[in-house]
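Data first, discussion second: the structure below is written as C-alpha cells.
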Amino acid sequence: MIRVLLAEDMHMVRGALIALLNLEPDIEVVAEVSSGDKIVPAARQHAPDVCVIDIDLPILDGLSAATTIRETMPQVRTLMLTSLGRPGTLRRALAARVDGFLLKDAPPTELADAIRRVAAGERVVDSQLALAAWDRGECPLTDRELEVLRLAANGADAPDIAVALSLSVGTVRNYMTTIMTKLNGRNRVDAIRIAEEAGWL
C-alpha cells in the first residue's frame with residue numbers, strides 16, 4: 001500500500017482528489033492538510049511514502065515545504081501539483097529536487113500512475129511542461145534582482161525594499177531599472193507581469 005499525504009488548500013479539490021485516490025487498490029491517503037506550514041509536521045506524524053503537494057499554498061508555499069522534506073525526511077518522495085503550466089515554475093520545482101511535477105488538469109489516472117512511479121523511485125515530469133521548459137530560456141535575473149522584484153510584486157516600494165534588503169534607495173532604483181531592461185518591461189508592473197508569467201517569481 002502506498003501511503004499518501006495530500007496538501008491542497010481548495011476544499012472541494014482536496015476532497016475530490018482524496019475520493020479518487022482512495023478508489024485505487026494500492027493507494028491510501030493517510031493525511032490531508034490545507035496549508036504549507038502543516039505539511040512537514042503531518043509528514044513526521046503519518047510517515048507517508050509520497051507527499052502530493054500543491055505548489056501555491058497559504059502560509060508556506062509547496063516548494064519550500066518540499067525542500068524541507070527532502071532535507072529532513074529523504075525517504076519521503078514529493079510530487080508537486082500546479083494549475084500553472086509555466087516553464088519557470090517547473091525549473092524552480094526541479095531546483096528544489098522534487099520527485100514529480102504534474103499539472104492539475106491531468107487525468108486522474110495520470111495522478112495515480114505518477115504516485116506509483118514516484119514511490120518506486122522514478123522522477124515524473126509532465127511531458128508538455130518539460131518541452132516548454134526546454135524551449136524557454138533561463139531567467140536572466142540574478143538572485144538579488146529576483147529578491148527585489150519579489151518584494152515589489154508584494155507591494156513594497158523602493159524605501160521598503162531598501163530597508164528589507166539593507167540597501168540604499170538609490171541602489172534599489174538601480175536594480176529596478178536593470179530588471180526592467182533585462183525583462184524588456186515598459187515599467188515595474190510590466191516587469192512583474194513578465195516574470196510571473198514565466199514562473200520566475
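The values are calculated or read from the model by the stated rules, or taken from the named source; none is laboratory data. Note that this is a predicted model, so its numbers are computed, not measured. Virtual Cβ from ideal backbone geometry, glycine too; neighbours counted across all protein chains shown. To get the accessible areas, we keep the full protein, side chains included, count just its heavy atoms, and leave off ligands, DNA and RNA. Shrake-Rupley method; radii C 1.70, N 1.55, O 1.52, S 1.80 Å.
Some notes on this structure:
- Taken as a whole, the structure leaves R14 outside the set of residues that are farther than 23 Å from R123 by Cβ and open to solvent by 60 Å² or more (accessible area, probe 1.4 Å).
- Test: residue in segment 52-74 that is of a type in the set (S, T, Y), exposed (fewer than 14 other Cβ atoms within 10 Å of the Cβ), out of contact with any His (no Cβ under 7 Å at 6 or more places or on another chain) and on the phi < 0 side of the Ramachandran plot: yes
- Considering segment 113-141, the residues that are modelled with pLDDT of 90 or more and either among the acidic types (D, E) or not assigned by the TED database to the domain that holds V76 (or both) include one that is surrounded by the most Cβ atoms within 10 Å (Cβ to Cβ), namely D113.
- Any chance E8 is of a type in the set (D, E, K, R) and open to solvent by 60 Å² or more (accessible area, probe 1.4 Å): no
- Whichever residue in segment 179-192 is crowded, with 16+ Cβ neighbours inside 10 Å, assigned to a helix (DSSP H, G or I) and not hydrophobic (A, V, I, L, M, F, W, C) and, among such residues, is modelled with the lowest pLDDT: K182
- Of all residues making up segment 160-178, the number that are open to solvent by 90 Å² or more (accessible area, probe 1.4 Å) and part of a helix (DSSP H, G or I): 3
- Per this entry, D37 is not counted among residues that are touching a residue at least 60 places away in the same chain (Cβ under 8 Å) and either of a type in the set (D, E) or open to solvent by less than 30 Å² (accessible area, probe 1.4 Å) (or both).
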